[in-house]
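What follows is a short report on a single structure.
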Amino acid sequence: MSERRGDVVVVEDEAALAQAVAGHVIRAAAEAIAVRGRFDLALAGGSTPKAAYALLASPERRDAVAWDRVRFFFGDERCVPPDDAQSNFRMAAESLLGPLGIADEAIFRMRGEDEPAAAARAYAGVLRAELEGGAGGAPVLDLVLLGMGPDGHTASLFPGSDPYLDDAQLVRAPFVAKFATYRLTVTPLVLRNAGAVVVAAAGAAKAAALAAALRPGADPAVYPVAVVKRNVGRLTWLVDRDAVTNLT
Ligand code: 6PG
């Protein structure tokens, strides 16, 4: 599979990064809604997306998107109930979906409270049912927002195993040894078929993994975020200065 580095956009700091992510969502939503009348967005967990969600829901920006045309999906979830402090859904609900008054019918969450393997199968069914099939019949999201961990993980694709294992399943429930817990995550195939993917990363702790993942031929079993370089859609890395100190 051939890879592409995508665009690397460097901003000053974490606050500027949140603004850049929010701006990206606003533009992608406008484009998709103009073409198809609808925008299918996959949300990420983590601190960087959270700040962007708050901006999108703020009085200054909330009118920039036709939110009644947007449907919300998730790239990954922790295996906890939706009201748990660890839940990605809860974070999104509190920072974005609730403040914007998004209707329940437009929110497709991963059921972290269910048995992990069954929850993964169920969410794959949701993606298949709700999103039009792209290459190989895989569902197509307009935009997938992703974060990246200092270990190079993205969504809940963690280092140490082949991220392409059971790729066609669309969603899997890996056991994440470092947290001694299961997670739910989309597989690389879902990322590959998306219209656009944005990876947002801030801070010096991410610099080494970012540089390694961007290197041509980076091993996705070691730096899982590198899978996005095989995407067919538009790929943008939105990063702050501290995260690019190791970049050549
Ligand atoms: C999650 C994520 C995960 C996250 C990264 C970066 O549920 O934890 O989706 O992939 O995006 O760990 O998180 P930060 O932005 O908090 O560093």
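The values are calculated or read from the model by the stated rules, or taken from the named source; none is laboratory data. Note that the coordinates shown come from a computational prediction; the quantities given were computed from them, not determined experimentally. All Cβ positions, glycine included, derive from the backbone under ideal geometry; neighbour counts span all protein chains shown. Just the protein is used for accessible areas: all its heavy atoms, side chains included, with ligands, DNA and RNA removed. Shrake-Rupley method; radii C 1.70, N 1.55, O 1.52, S 1.80 Å.
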Would you pick out the residues in the stretch 24-64 that are closer than 26 Å to M148 by Cα, outside any helix (DSSP H, G or I) and among the basic types (K, R)?
R61
Scanning the stretch 136-188 for residues that are away from the ligand (no atom under 14 Å from the Cβ), open to solvent by less than 70 Å² (accessible area, probe 1.4 Å) and in contact (Cβ under 8 Å) with a residue 60 or more places away in the chain gives V140, L141, D142, L143, S161, Y164
For the stretch 70-89, how many residues meet the condition of being part of a helix (DSSP H, G or I) and more than 9 Å from the ligand (Cβ to nearest atom)?
1
In the set P59, P81, the lone residue that is more than 14 Å from A200 (Cβ to Cβ), more than 16 Å from the chain's Cα centre (by Cα) and open to solvent by 70 Å² or more (accessible area, probe 1.4 Å) is P59
Do we find a residue being in contact (Cβ under 8 Å) with a residue 24 or more places away in the chain, outside any helix (DSSP H, G or I), more than 13 Å from the ligand (Cβ to nearest atom) and open to solvent by 50 Å² or more (accessible area, probe 1.4 Å) anywhere in the stretch 116-123?
no
Any idea which of T187, T181 is more than 16 Å from the chain's Cα centre (by Cα) and either under 26 Å from D114 (Cβ atoms) or basic (K, R) (or both)?
T181
Just for the stretch 6-63: of the residues that are within 15 Å of the ligand (Cβ to nearest atom) and among the β-branched types (V, I, T), which one is farthest from H153 (Cα to Cα)?
V11
